[in-house]
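Please read the structure below before turning to the comments.
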Amino acid sequence: TETLTMVLEEIETSLIMWFSYALIPCLLVDGVAVLPAPQNLSVQSTNMKHVLTWSPVIVPEEIIHYSVEYQGEYESLYMSHIWIPSSWCSPTQGPECDITDDITATVPYSLRVRATLGSLTSAWSTLKHPFNRNSTILTPPGMEITKDGFHLVIKLEDLGPQFEFFVAYWKREPGAKEHVKMVRRGGIPVHLETMEPGAAHCVKVRTFVKAIGRHSAFSQTECVKVQGETLPLALALFSFVGFMLILVVVPLSIWKMGRLLQHSCCPVVMLPDTLKITSSPQKLISCRREEVEACVAAGLSSEALLRAWI
């Protein structure tokens, strides 16, 4: 009997505790049950990504929904009764809300959250200090440095359209000049410079957000080096000799082809000696009549002898 009594007392105590625990989150105000308001509101902002967080309202075996609203500077000053629902968190189940798309200007924003469970609604809980996006924490972007032959290529983390990047690069040697290149967007490979064989080239980068006029610290310096990719001296010499041979052989070949074409199309004909004029034409014209007659007589006599022989 005593054992049964102890068991019943334990069951009664457990039931009382369970009902008490279930009713703790709900309070009676003027005879109406309401939910407690979310507590510990804060904004975590890094690289222009703003997230409002709060402590969740706990009700056993129930899903609590939350609504988030905000006021910009204009609404706070001139229309304090107007609150704008958040784009992504009205309602939401988790105890956080990405308000990045709601914060569109560099002015103070007031934020508030309330919980709902069926027909039960909590009071609004307001962020203690208005949030301004110029307080965001800027961190250096992730970067990937690669070599494309002798070309130094960098690919930066894409942090969004509001970010620009200042990339500093230099050859690692005493007195080397540091160069700076501005990259307007991340996520795409960017060529920085042509590297010298055997030399180390170093890179560091930081972000800049024009909307708030701030920049991050520089990232850790990373260096790369091209090794074993120099042209051998023999190959360079061979290339030079080949180039010189081309300069000599090509003009000589063109000249030789021209000569062959000239002899093929217009061959040189050797005249017999009898057709060659060894004396001046004037001398031939001024030949004396006697010499002409003698030549004619000689020709006739030769013809007579030929007839007689026949």
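The values are calculated or read from the model by the stated rules, or taken from the named source; none is laboratory data. Model, not experiment: these values are computed from the prediction. Every residue, glycine among them, receives a Cβ derived from its backbone with ideal geometry; neighbour counts consider all protein chains shown. Note: accessible area is taken over every heavy atom of the protein model, side chains too, but ligands, DNA and RNA are not part of it. Shrake-Rupley method; radii C 1.70, N 1.55, O 1.52, S 1.80 Å.
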Could you list, in sequence order, all residues of region 141-162 that are in contact with an Asp or Glu (Cβ under 9 Å, 6 or more places away or on another chain) and under 30 Å from ASP101 (Cα atoms)? PRO141, GLY142, MET143, GLU144, ILE154, LYS155, LEU156, GLU157
Confirm whether LEU111 is under 21 Å from THR100 (Cα atoms), in contact with a Phe, Trp or Tyr (Cβ under 9 Å, 6 or more places away or on another chain) and either at pLDDT below 95 or open to solvent by less than 30 Å² (accessible area, probe 1.4 Å) (or both). yes
Can you pull out the residues in region 215-254 that are at pLDDT 80 or above and part of a loop (DSSP other than H, G, I, E, B)? SER216, ALA217, PHE218, SER219, GLN220, THR221
Restricting the search to region 38-53, which residues are touching a residue at least 40 places away in the same chain (Cβ under 8 Å), open to solvent by 60 Å² or more (accessible area, probe 1.4 Å) and either in a loop (DSSP other than H, G, I, E, B) or touching a Ser or Thr at 6+ places or on another chain (Cβ under 6 Å) (or both)? GLN39, LYS49
Evaluate the following for HIS215: is it open to solvent by 70 Å² or more (accessible area, probe 1.4 Å), under 23 Å from ASN47 (Cβ atoms) and free of Cβ contacts under 8 Å to residues at least 12 places away in the same chain? no
Quick check on LEU77: is it within 24 Å of VAL209 (Cα to Cα) and not charged (D, E, K, R)? no
In region 177-198, which residues are surrounded by 14 or more Cβ atoms within 10 Å (Cβ to Cβ) and either aliphatic (A, V, I, L, M) or within 25 Å of THR106 (Cα to Cα) (or both)? VAL183, ARG185, GLY186, VAL190, LEU192, MET195
Find the residue count for region 125-153, including only residues that are charged (D, E, K, R) and closer than 19 Å to ASN40 by Cα. 1
Those residues of region 72-105 that are exposed (fewer than 15 other Cβ atoms within 10 Å of the Cβ) and among the β-branched types (Val, Ile, Thr) come to a total of 3
